[in-house]
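Read the structure below first, then the notes.
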Amino acid sequence: MTELHDTAARPERAFLVGVRDEEVRAPEAESLLRELAGLVKSLGIETAGSMMVGLRARVASTMLGSGKVDEIIAAAKAEGADSIIFDKALSPVQQRNWEKLSGLDVYDRAELIIDIFASRARTREASLQVELARLRYSLPRLAHSYGDLHRQRGGRYGTKGAGEQKIELDRRQIAKRIADIEDELVVVRRSRATQRKRRERLGLKRAAIVGYTNAGKSSLLNAMASTADVVAEDKLFATLDPTTRRLDTSSGSVLVTDTVGFVRNLPHGLVEAFKATLEEAADADLLVHVVDASDPEAAAQFATTMKVLAEIGATAETLLVYNKIDRLPDRAVPSLPFDGVSVLTSAATGEGLPELVAAVEKALTADARELTLRVPPEDYAVVPLLYREATVLSEDHDGEATIVRCRIPERLGSRVEKYRVD
């Protein structure tokens with residue numbers, strides 16, 4: 001009788017290693033290890049097991065002492081792991097030595113995040129940005145192994161099956177590709193800047209939705225702007241490319257942009273690569289900072305987002321949104337170091353959305369003035385402009401002209417001043 005074998009490819013199984021030291025104390029290290037498990041899960045990798053280790057004296061060759069190295073490798077193999085993933089950054093030499101000693105694939109947090117970004121990239125710009133970050137990460141690791149550069153896009157992460165792209169580039173070739181990508185991104189960023197200038201010419205105020213990854217930013221934008229079709233999934237880094245939608249309020253229209261989420265210990269290369277995307281936040285008139293109120297790590301996630309916003313020079317007025325309050329049975333939101341305006345919402349149930357739209361409207365149209373305008377027939381094109389960009393309270397006619405009573409934002413003042421009726 002012929003014995004049947006299951007030939008279906010099984011998911012990669014990873015053994016996770018958290019590291020606590022003088023910089024990362026035990027509570028934070030445990031939190032980061034839990035987050036690492038979430039990052040791993042988002043790539044479809046199973047967690048075979050995990051271990052928290054203390055680091056007192058750093059060993060150049062493997063980071064940890066030989067005894068702890070043997071213990072981790074033994075535990076990983078006992079759990080049937082295919083790979084070991086460290087929450088701490090590994091040098092190229094350390095990564096290479098760990099793979100030689102264990103016979104398993106070995107990654108660190110930075111490479112894991114880059115792979116997640118690669119799996120989420122949809123547009124040309126996002127793909128270029130991810131490839132740039134990956135090549136910069138891989139350049140010092142060429143000696144690590146040419147054969148395992150399956151970490152380039154192409155092929156399923158963690159597998160060595162058909163369709164896998166093998167890249168054999170020397171340093172000169174990689175450096176040239178980096179230069180080519182940087183040139184391409186200059187063109188892409190120029191195009192994005194042109195689009196941004198077009199929006200600025202419309203005279204519309206702009207809000208940027210920012211926050212930790214998976215806080216519910218895209219879901220909120222979809223709920224606020226009924227025409228929005230932003231990808232919103234319960235997974236890390238679902239959004240890489242900024243998406244801008246018009247939000248109509250009682251005081252006029254504003255533009256709201258969804259941006260890439262942040263994460264603790266985001267690889268510097270990714271921050272650099274996604275600067276064009278993050279510019280949407282830096283140039284906004286209002287920052288809508290979304291926090292997952294149900295997450296036990298909300299305070300740390302809030303601090304991470306504030307740190308990245310400071311790094312990119314995003315200093316606009318901030319509106320804090322405690323999202324996912326439907327998951328809080330007692331409605332007790334976390335205490336955060338923020339003394340501005342805050343709103344409680346649930347993108348899932350719609351709770352708090354009217355209050356959020358009102359808060360955004362108030363913050364962006366605080367400079368609105370109530371005026372009465374007399375618009376002659378030859379300038380009637382101004383009236384539709386008022387309906388789009390201001391709040392029209394009434395419209396009448398005196399036989400010769402259109403009389404419009406409205407609240408206008410300061411940015412329209414000079415354009416309608418000549419029609420003003422005192």
Since Ala110 meets every condition but one in (1) more than 23 Å from Thr62 (Cα to Cα); (2) modelled with pLDDT of 75 or more; (3) open to solvent by less than 30 Å² (accessible area, probe 1.4 Å), which condition does it not meet? (1)
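Could you tell me which of the residues Ala314, Ala310 is in a loop (DSSP other than H, G, I, E, B) and under 17 Å from the mean Cα position of the chain (by Cα)? Before you say what the answer is, go through the steps one by one.
Details: Ala310 fails: in a loop (DSSP other than H, G, I, E, B).
Just a single option satisfies the conditions, and that option is Ala314.
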Among (1) in contact with a Ser or Thr (Cβ under 8 Å, 6 or more places away or on another chain); (2) assigned to a strand (DSSP E or B); (3) open to solvent by 20 Å² or more (accessible area, probe 1.4 Å), there is one condition Val321 misses while meeting the rest; what is its number? (3)
Leu169, sole failed condition from (1) at pLDDT 50 or above; (2) open to solvent by 50 Å² or more (accessible area, probe 1.4 Å): (2)
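When you scan segment 210-222, do you find a residue that is modelled with pLDDT of 65 or more and aromatic (Phe, Trp, Tyr), even just one? It would help to see each step written out before you state the result.
First, the residues of segment 210-222 that are modelled with pLDDT of 65 or more: 210-222.
With the extra rule that they be aromatic (Phe, Trp, Tyr), the set shrinks to 212.
Within segment 210-222 (the criterion being modelled with pLDDT of 65 or more and aromatic (Phe, Trp, Tyr)), the answer is yes, since at least one residue qualifies.
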Looking at segment 324-345, which of its residues are exposed (fewer than 12 other Cβ atoms within 10 Å of the Cβ), touching a residue at least 12 places away in the same chain (Cβ under 8 Å) and more than 18 Å from Pro296 (Cβ to Cβ)? Gly340
Being among the polar types (S, T, N, Q), under 18 Å from Leu287 (Cα atoms) and free of Cβ contacts under 8 Å to residues at least 40 places away in the same chain, is that true of even one residue in segment 399-408? no
Residues satisfying the stated conditions in segment 9-28, i.e. more than 15 Å from Arg264 (Cβ to Cβ) and not basic (Lys, Arg): Ala9, Pro11, Glu12, Ala14, Phe15, Leu16, Val17, Asp21, Glu22, Ala26
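In the set Ser50, Ser61, which member is in contact (Cβ under 8 Å) with a residue 12 or more places away in the chain, polar (S, T, N, Q) and surrounded by 15 or more Cβ atoms within 10 Å (Cβ to Cβ)?
Details: Ser61 fails: surrounded by 15 or more Cβ atoms within 10 Å (Cβ to Cβ).
Just a single option satisfies the conditions, and that option is Ser50.
The values are calculated or read from the model by the stated rules, or taken from the named source; none is laboratory data. Computed from a predicted model, the values in this text were never measured in an experiment. As a convention, Cβ positions derive from the backbone with ideal geometry for all residues, glycine included, and neighbour counts pool all protein chains shown. Keep in mind that these areas ignore ligands, DNA and RNA; they rest on the heavy atoms of the full protein, side chains included. Shrake-Rupley method; radii C 1.70, N 1.55, O 1.52, S 1.80 Å.
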